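*Asks:* The structure under discussion is supplied below as structure tokens; questions concerning it will follow.
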């Protein structure tokens, strides 16, 4: 999932920025960055959720195709319980992410919810 993220480190040694080129208020960069990170957490959560859903879809398909003792392995209680647990975890993750996104879309505070969604979805 991170292969598409061109992440790198930048250094600005002895760099002076004219006042008219400042983005936001002087000395408030940390707060601006933290707000940016809140939005980024939603993206990371979405990547985790998408990966989880993809794995679950593959597990369902495999469990219906693979046969043991003349029946699909999805029919065995132990496997059905595992699949049910996976479905539950994914649905909980989805709801946490959707709530955080809803808060952001409605201009509500979403810092806590985005952190929770990132943690749970990843």
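*Asks:* Angle check, please: helix 77-105 long axis (alpha carbons) against the longest principal axis of the chain (alpha carbons), in degrees 0 to 90, nearest 10.
*Replies:* Helix 77-105 and the main axis of the chain meet at about 20 degrees.
*Asks:* Going by the alpha-carbon gyration tensor, a ≥ b ≥ c the square roots of its eigenvalues, is region 35-88 rounded (a/c under 1.5) or, if a/c is not under 1.5, prolate (a/b greater than b/c) versus oblate?
*Replies:* Values: a/c = 7.83, a/b = 3.30, b/c = 2.37.
Note, shape of region 35-88 comes out prolate.
*Asks:* Moving on. Please compute the Cα-Cα pair-distance distribution of region 1-76 with 5 Å bins starting at 0, giving whole percents from short to long.
*Replies:* Answer for region 1-76: a P(r) of 3, 11, 10, 14, 11, 9, 9, 7, 6, 5, 5, 4, 3, 2, 1 percent.
*Asks:* Okay, moving on. Tell me the angle of helix 29-65 to the major Cα principal axis of the chain, expressed in degrees between 0 and 90 and rounded to the nearest ten.
*Replies:* For 29-65 against the chain, the angle is about 10 degrees.
*Asks:* How big is the gap, in Å, between the Cα center of region 8-45 and the Cα center of region 55-83?
*Replies:* 48
*Asks:* For region 43-122, place one equal point scatterer on every Cα, skip the solvent, and apply the Debye formula. What is log10 of I(q)/I(0) at q = 0.17, 0.21, 0.22 Å⁻¹?
*Replies:* Values returned for q = 0.17, 0.21, 0.22 Å⁻¹ are -0.68, -0.86, -0.91.
*Asks:* Quick one: helix 111-121 against the long Cα principal axis of the chain, what's the angle to the nearest 10°, folded into 0 to 90?
*Replies:* Around 40 degrees separate the two axes.
*Asks:* A follow-up question, please. Output the peptides 30-41, 12-23, 109-120 sorted from most to least packed, where packing is the average of other Cβ atoms within 10 Å over each peptide's residues. Before the final figure, lay out the partial values.
*Replies:* Working: 30-41: 13.1, 12-23: 6.7, 109-120: 18.3.
Highest to lowest by the protection proxy: 109-120, 30-41, 12-23.
None of the figures in this text is laboratory data; all of them are computed from the coordinates on show. In this text the structure is predicted, and so the values were computed from the model without any measurement. Glycine also receives a Cβ, built like all others from the backbone with ideal geometry; neighbour counts cover every protein chain displayed.
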